[in-house]
Structures are given as structure tokens and as C-alpha cells.
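Derivation of every value follows stated rules applied to the coordinates shown; laboratory data play no part. Please read all numbers here as calculations on a predicted model, not as lab measurements. FYI the Cβ positions are ideal-geometry reconstructions off the backbone, even for glycines, and counts take in every protein chain you see.
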Amino acid sequence: MQRDEILTVYEAGPEAVITLIAEQQKVIEQQAARIAVLEERDKLLEEQRNKNSRNSSKPP
């Protein structure tokens, strides 16, 4: 959000600010959940990439 958009919400009053913050919090929570999923996927892919015939039970 740009400064002028924030000021417009501020000037609309406390309820508008509360609504904006609640919406932003929801977005943050969704992004945090997505980041956790992606970090787990990254970890699994790194482990898979680091395996080779010497440290894996599978032949080359």
C-alpha cells in the first residue's frame, strides 16, 4: 500500500484501520503457511538431490 492509501484508511476512522490490519494479518498468515510448505518441499528436494549411489539404497 502506498502512503496516500494508508492515510485514506486512517481518515476513514478506527474501524477502517482495524479492518485493514485484519485483512493484512490474514494475508500474512496465508503467506506464512505457504512458506512453511515450500520450505518443507525445499528440504525434501535438497535431501533427494544430495543422495547418490554411495549414500542411497538405490543403485545408480
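Among the residues making up region 1-21, those that are assigned to a helix (DSSP H, G or I) and loosely packed, with under 10 Cβ neighbours inside 10 Å are R3, D4, E11, P14, E15. The residues on offer are R34, R49, and the sole one that is within 26 Å of the chain's Cα centre (by Cα), assigned to a helix (DSSP H, G or I) and exposed (fewer than 10 other Cβ atoms within 10 Å of the Cβ) is R49.
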